[in-house]
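Colleague: Quick one: structure below, then a few questions.
What follows is calculated from the coordinates using simple rules that are stated; it is not laboratory data. Predicted model, so just to flag it, every value in this text is computed and none were measured. When we count neighbours, we look across all protein chains shown, and the Cβ atoms used for this are built from the backbone with ideal geometry, even at glycine.
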Amino acid sequence: MKRKAGIAGIAGALCIGIAGIALTNKMKNEEIQKRQKAKDKFKGYYNLLNQWLRLKQENKSLETYFIENQYKTIAIYGMGELGNRLYDELKESSVQVKYAIDENTAGAYSEIDIIAPEEDFPEVDVIVVTAVFAYHEIEEKLSDRTDIQVISLEDVVFEV
């Protein structure tokens, strides 16, 4: 009887050990995926900003994209650094930035009205999403709420 209990104890310990190893591997894989996602996000930002800088060095403006596509009024979704840079570039142009959409409605820019994503959007020609890493999720949410066209800042920068 003692022998059966000993074998059962060893088997139980082995199962716990295997479960521990599996859990550890799962946690390591999740951490690796999280780091890869962050790396991809910042690499995307780097490529976007590098292209934008190239345009500036060639004396080109993002205003060109909006004019060519007949967008006279826009809203900026996301007033982080990229949203602020887009606003700075367009505020003296022929393209009117009517408002911004951001979770943080007490945002850094007091020059422009900032509304929450849950609010009704005043009419504009297009909404430009500056959170390019989350563009598809944001575009899907917005398309459920409005008929205003939604585009990514990445498309703007790479199509000038």
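Colleague: Which residues' amide hydrogens lie under 5 Å from the amide hydrogen of V97, considering only partners 5 or more residues apart or on another chain, with H built in the peptide plane?
Modeller: I74
Colleague: Amide H to amide H under 5 Å from S152: which residues, 5+ apart in sequence or cross-chain, H placed 1.01 Å off N in plane?
Modeller: Those lying under 5 Å, H to H, from S152 are V129.
Colleague: For the charge dipole of the chain, defined by +1 on Lys and Arg C-beta atoms and -1 on Asp and Glu C-beta atoms about the Cα centroid, which residue among L90, S61, A19 has the Cα displaced farthest towards the positive pole?
Modeller: A19
Colleague: Further question on the same structure: DSSP beta bridges in the chain, what fraction antiparallel, as a percent rounded to 5?
Modeller: Roughly 0 percent of the DSSP beta bridges within the chain come out antiparallel.
Colleague: Once a ≥ b ≥ c are taken as the square roots of the eigenvalues of the Cα gyration tensor of the range 41-107, is the result rounded (a/c under 1.5), prolate (a/b larger than b/c) or oblate (a/b not larger than b/c)?
Modeller: Oblate.
Colleague: I'd like the projected area of the range 64-160, averaged over all directions, using the convex hull of its alpha carbons. Report it in nm² with one decimal.
Modeller: Mean orientational projected area (the range 64-160, Cα hull): 5.6 nm².
Colleague: Any idea which of V129, G44, I10 is furthest toward the positive side of the dipole for the chain, if Lys and Arg beta-carbons carry +1 and Asp and Glu beta-carbons -1?
Modeller: It is I10.
Colleague: When the dipole is taken about the Cα centre of the range 98-160, and only Lys, Arg (+1) and Asp, Glu (-1) are charged at their Cβ, what size is it in debye, to the nearest 20?
Modeller: 120
Colleague: At R85 and E123, where each label point lies 7 Å from the Cα along Cα→Cβ, what is the point-to-point distance in nanometres?
Modeller: Distance between the two pseudo-spin positions: 3.3 nm.
Colleague: Using only Cα atoms, tell me the angle between helix 2-57 and the longest principal axis of the chain; keep it within 0 to 90° and round to the nearest 10.
Modeller: 10
Colleague: Quick one: which of 56-62, 28-34, 91-97 comes out on top by average Cβ neighbours within 10 Å, and what's the full order, highest first?
Modeller: So the peptides 56-62, 28-34, 91-97, ranked by packing, come out 91-97, 56-62, 28-34.
Colleague: Now a separate question. Which lysines, on any chain, are close to K26 with Cα under 27 Å apart, when same-chain ones fewer than 8 places away are left out?
Modeller: Those lysines meeting the cut-off are K34, K37, K39, K41, K43.
Colleague: Grab the Cα-Cα distance for D113 and Q36, subtract it from 0.36 nm times how many residues apart they are, and report the gain in nm with one decimal.
Modeller: 24.2 nm
Colleague: Just need log10 I(q)/I(0) for the range 1-99 at q = 0.10, 0.22 Å⁻¹, Debye formula, equal scatterers on the alpha-carbon atoms, no solvent, rounded to two decimals.
Modeller: After summing over all Cα pairs, the log10 values are -0.53, -1.14.
Colleague: Same structure, new question: I'd like the Karplus ³J(HN,Hα) series for the range 86-94: coefficients 6.51, -1.76, 1.60, θ = phi - 60°, whole numbers in Hz, and an x wherever there's a Gly or Pro.
Modeller: Karplus-based 3J(HN,Hα) across the range 86-94 equals 5, 4, 4, 5, 9, 5, 9, 9, 7 Hz.
Colleague: Right, another one. So how strong a dipole does the chain carry about its Cα centre when Lys and Arg Cβ are +1 and Asp and Glu Cβ are -1, to the nearest 20 debye?
Modeller: Using Cβ point charges on Lys, Arg, Asp and Glu, the chain gives about 1960 debye.
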